[in-house]
Amino acid sequence: MSSTDTVDMMQTRPQPATAGDYVQLMKPRIMMLVVFTAFAGLVSAQSVAGVAINPVMAAIATLSVALGSGAAGAINMWYDADIDALMKRTSTRPIPSGAVPREEALAMGLIMSGVSVLLMWLASNVLAAGLLALSIAYYGWFYTMLLKRRTPQNIVIGGAAGAFPPVIGWAAVTGNVPLDAWLLFAIIFFWTPPHFWALSLLAHKEYEKANVPMLPVTHGAKATRNQILAYTVLLAPLGVLPVFTGLAGLVYGVAATGLGAAFLMLAYRVWRSDAGDAGASGASLKRAKGLFAFSILYLFLLFAVLIVEHGFGAYLPVPGLV
Amino acid sequence: MSEERPTPLSEEDTTAARKAQKRRNVWLALALVAFVVLVILTTIIKLSGGAVPERM
């Protein structure tokens, strides 16, 4: 199918775009997780490094991360409008539904990118601004334009884009990025494949239709289930690692151990199922859906505990470790 | 050779489009004002020395 055909498939909606359509362009659900993890990095850095930044500057830095995430989302929607029109899950997005013209989405993405980086620079330092610029380019150009349609490892390599926010938050406070910040990066990096592949087990037919080489399309459901389990086996202990560097305390340690064990159990159940296979049972699909939902909860709770420990004085050192 | 002309918008559609354009202009203006306010705010904080991280 040529790109002209797919562009023709985009509906032309008689109603003019609403503010909600422009909000949708920024992928608000992803933005929330991005802001949350950046905020966790910012709060942890203040506590670990023993420095405090001006709360207004901290708020502007957090807003910059939100704007940067929205900018990358808009650029992604601009570029992917042709394949979004082919998939049921994405066909109602602002561009394929005809609400927002493609060029408007691109303009919005580019302007917001510039504004977010500039604001970050003004509110914090050049390192944080540079990392924000890098993460926008990584998602909007490297992942969206180079990786997504070329390799089944797209979301593994591209996952780094979503892992940057806590590092940016950390850099905004201290002006450097120590090992602890990269640990938070690694947690999100290794979390992305099982999170996304659980969803792709459910939507692989759609990706196939749009010719996107997701792992279940190129290597089959069994290989995807194997990879989900392998990445979860790596993620579960990695999630506990901040306790050993002193970044996280007792509460985090207990939470990360429990959540990691639950993640492993759910990944194991998906591994044993036939989710993603032709004629997969309803129970198997439910397991994949359950893993996808739990993965979001896992990351949210892990970073929430970090915020509570460092922002609300709940940090209790683990005996024998610090 | 007959040239195909675009169908003109109905009066109702034109009014709706104008309203949407007006709404968009207001949002853009607000976003611009917000950006200017944020730049001024960061400048004031920096000039008053409040942007330097303090030891806790």
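Readers should treat all values here as calculations from the given coordinates under stated rules, not as data from a laboratory. Note that this is a predicted model, so its numbers are computed, not measured. Cβ coordinates were reconstructed from backbone atoms using ideal geometry, including for glycine residues, and neighbour counts include every protein chain displayed.
Beyond a 21 Å Cα-Cα separation, which of these cross-linked pairs lie in this structure: A:K88/A:K209; A:K148/A:K209; A:K27/A:K205; A:K88/A:K222? Beyond 21 Å: A:K27/A:K205; A:K88/A:K222. Ranked by the mean number of other Cβ atoms within 10 Å of their residues, highest first, the peptides B:28-40, A:218-230 come out as A:218-230, B:28-40.
What the Cα convex hull of region A:128-183 gives, in volume per residue, is 61 Å³. Mean-square fluctuations from a GNM of chain A, with a 10 angstrom spring cutoff on Cα atoms, peak among A:F294, A:F189, A:F164 at A:F294. Available extension along the chain between A:V51 and A:S281 is 77.4 nm, counting 0.36 nm per residue and deducting the alpha carbon span.
The mean number of partner chain beta-carbon atoms within 10 angstrom of a residue's beta-carbon across peptide A:114-124 is 3.
Each Cα pair under 8 Å and six or more residues apart adds its sequence gap; the mean of these over the residue count of region A:1-177 is a relative contact order of 32 percent. The Stokes-Einstein estimate for the protein assembly as shown, based on a Kirkwood radius over Cα pairs and taken at 10 °C with 1.306 mPa s viscosity, is a diffusion coefficient of 71 µm²/s. In the elastic network of chain A, a GNM with C-alpha springs shorter than 10 Å, the most mobile of A:A267, A:A61, A:A17 is A:A17.
In a GNM of chain A with a 10 Å cut-off on Cα contacts, which of A:A181, A:A52, A:A161 has the highest mean-square fluctuation? Answer for the Gaussian network model of chain A: A:A52.
Peptide B:49-56 is shielded by partner chain Cβ atoms: per residue, an average of 6 of them sit within 10 Å of its Cβ. The convex hull defined by the C-alpha atoms of chain B has an orientation-averaged projected area of 8.4 nm².
Taking every residue in B:41-48 and counting other chain Cβ atoms within 10 Å of its Cβ, the average works out to 4.
Helical runs (DSSP H, four residues minimum) scored at -39500 (n - 2.57) apiece and divided by the length of the protein assembly as shown put the mean residue ellipticity at 222 nm at -24500 deg cm²/dmol. Between region A:223-269 and region A:136-188, how far is it from one alpha carbon centroid to the other, in angstrom? Each part's Cα centre sits 19 Å from the other's. Multiplying the residue separation of B:L47 and B:R24 by 0.36 nm and removing their Cα-Cα distance gives an extension gain of 4.8 nm.
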